[in-house]
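A quick write-up on the structure given underneath.
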Amino acid sequence: MAEDNKNYEIEVEIYNMEFWENGFTYDNIEFIPYEDYTERYEKIKNEEIHYPTGKVKISLSADTCNEAIEKAEIILSDYGRLLTFAQGHYVFFHYYICYEVENGNRHKKAGLRSSVVGVDNLYGISIIHPAGIEEFIKKAIPSIRDKEYVEKTGIVRAINWFIVANPRCIEIVPSSGCPMWIVLEMLANVHAKVNGKEFIISDDNEFKIVENKLKALIENDLVLFSINGELEEELNKGIVPEGLKKMFEAEGISFSENITITKENEGKWVIIDREKKSTYIVRNETGKLNIYLKLKRKKRDTLKRNVRGINRRPIENKIVSLLKEYGLKQYNSEIKELKKFRDDIIHGNVLSSYNFREMTNNEIKLERILEKLILSMLRFYDNEFVHSSIREDRLLAV
């Protein structure tokens, strides 16, 4: 027998898994509950400890026992990811034992205690009833192992981040608003990129024209507006004419009390608002006074570098498009308020405008939208085994 045709069977304990009846087998992997599983699971809930509730067997070929264990770890990582998402708490594998199988007999060759990281919080309510776990695994595993589908949707990365952001797995204050929003943005950005909805103007040639025009305006100072040339006398006296003030106000610009007007040469004046650190140029050009916003070189360069960013479709629009794709457009109206909540947290705005219930509700809404979205992407949203609160239209259903 060739060295790489050795057959191995790997056994590993599975922690915190909520089984149903006698377990199940899928893709040559057996999930087997311990005989005293019920007592073990009650121990997890009551004593808040990690505890093995069953074992997993997987048969495979490898050059060595250590390689067989490594292969098993990689294969089972997908199952751990999905079971953690489905059961609302960390489900993980620990203490791998390797048996070499010859002529129907097996001989223990090695063992490996895997490291357990990031599992501080324990029991959580399942998204999917234990009776539906087998069906969920059978539907979800092919999806997350389909490289094209994973690249097109970003589903695996979203599940990973959802697990990290889940308030049942970590403690954050405010608990999970921003991490959950990041997961939603990830999915929306991947969807927009794949479906050609990343940019407002998708044609590169068309946007190049707009980009060049904007850069020219920035390079030569920004033209704010024009006014007739009958105001030169007041400008020469260092006075901002009332007509000019009104034009500035129409553009949303107000002056402080600390302004100076200097005639630089014939037909050109400089208005400096020292308090607001703004400079405006007034030029007499072809009988009209053109008003420009004078930009410092640093600001000018920053604007030029960021011109392309104005063509990016707003994230709210991307999320709305994503929700529509998966039949969840009824939640579009929630996105604007949830985006504001996210911005207030990220940008350090005062959160006193939100009471505790409002913050909690926003976090629940974000989590619920993501649960619905991920389950839809895994083609399991309408399944009877999904928790009733998730299948209800109300985001705050319990």
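The values are calculated or read from the model by the stated rules, or taken from the named source; none is laboratory data. Fair warning: this is a prediction, and the values are worked out from it, not measured in the lab. Quick reminder, even Gly has a Cβ in these numbers, built from the backbone with ideal geometry, and neighbours come from all protein chains shown. Areas reflect the complete protein model, heavy atoms only, side chains present, ligands, DNA and RNA absent. Shrake-Rupley method; radii C 1.70, N 1.55, O 1.52, S 1.80 Å.
Applying a threshold of 8 Å to beta carbon distances and a minimum spacing of six or more residues, or different chains, the list of pairs starting in segment 326-337 at a residue that is without any contact (Cβ under 8 Å) to a residue 40 or more places away in the chain and ending at one that is surrounded by 17 or more Cβ atoms within 10 Å (Cβ to Cβ) reads Lys329/Val320; Lys329/Leu323; Asn332/Val320; Asn332/Leu323; Ile335/Ile319; Ile335/Val320; Ile335/Leu323; Glu337/Asn362. Look at segment 286-310: where a residue is closer than 20 Å to Phe248 by Cα and a partner is among the aromatic types (Phe, Trp, Tyr), sitting 6+ places away or on another chain with Cβ atoms under 9 Å, you get Leu289/Trp269; Asn290/Phe225; Ile291/Phe225; Ile291/Phe248; Ile291/Tyr280; Tyr292/Tyr280; Leu293/Tyr280; Lys294/Tyr280. Would segment 203-219 turn up any residue that is within 28 Å of the chain's Cα centre (by Cα) and open to solvent by 50 Å² or more (accessible area, probe 1.4 Å)? Among the residues of segment 203-219, at least one is within 28 Å of the chain's Cα centre (by Cα) and open to solvent by 50 Å² or more (accessible area, probe 1.4 Å), which makes the answer yes. Only one of the numbered conditions (1) of a type in the set (Gly, Ala, Ser); (2) surrounded by 12 or more Cβ atoms within 10 Å (Cβ to Cβ); (3) more than 40 Å from the chain's Cα centre (by Cα) is violated by Gly287, and that is (2).
Find the residue count for segment 78-104, including only residues that are touching a strand residue (DSSP E or B) at 6+ places or on another chain (Cβ under 7 Å) and without any contact (Cβ under 8 Å) to a residue 40 or more places away in the chain. Summing the residues that are touching a strand residue (DSSP E or B) at 6+ places or on another chain (Cβ under 7 Å) and without any contact (Cβ under 8 Å) to a residue 40 or more places away in the chain in segment 78-104 gives 1. Quick check: is even one residue across segment 310-317 outside any helix (DSSP H, G or I), touching a strand residue (DSSP E or B) at 6+ places or on another chain (Cβ under 8 Å) and open to solvent by 50 Å² or more (accessible area, probe 1.4 Å)? Yes, some residue in segment 310-317 is outside any helix (DSSP H, G or I), touching a strand residue (DSSP E or B) at 6+ places or on another chain (Cβ under 8 Å) and open to solvent by 50 Å² or more (accessible area, probe 1.4 Å). Residues in segment 319-374 that are within 16 Å of the chain's Cα centre (by Cα), among the polar types (S, T, N, Q) and open to solvent by 20 Å² or more (accessible area, probe 1.4 Å): Ser321 only. Residue check: Ile272 meets all listed conditions (1) within 12 Å of Ile227 (Cβ to Cβ); (2) at pLDDT 85 or above but one, namely (1).
For segment 220-240, the candidate set comprises residues that are in a loop (DSSP other than H, G, I, E, B) and of a type in the set (A, V, I, L, M, F, W, C); within that set, the residue that is modelled with the lowest pLDDT is Leu231.
Of the numbered criteria (1) modelled with pLDDT of 95 or more; (2) under 13 Å from the mean Cα position of the chain (by Cα); (3) open to solvent by 70 Å² or more (accessible area, probe 1.4 Å); (4) not hydroxyl-bearing (Ser, Thr, Tyr), the one Glu148 fails is (2).
For segment 277-300, taking the residues that are touching a strand residue (DSSP E or B) at 6+ places or on another chain (Cβ under 9 Å) and not in a strand (DSSP E or B), the one that is farthest from Asn220 (Cα to Cα) is identified as Gly287.
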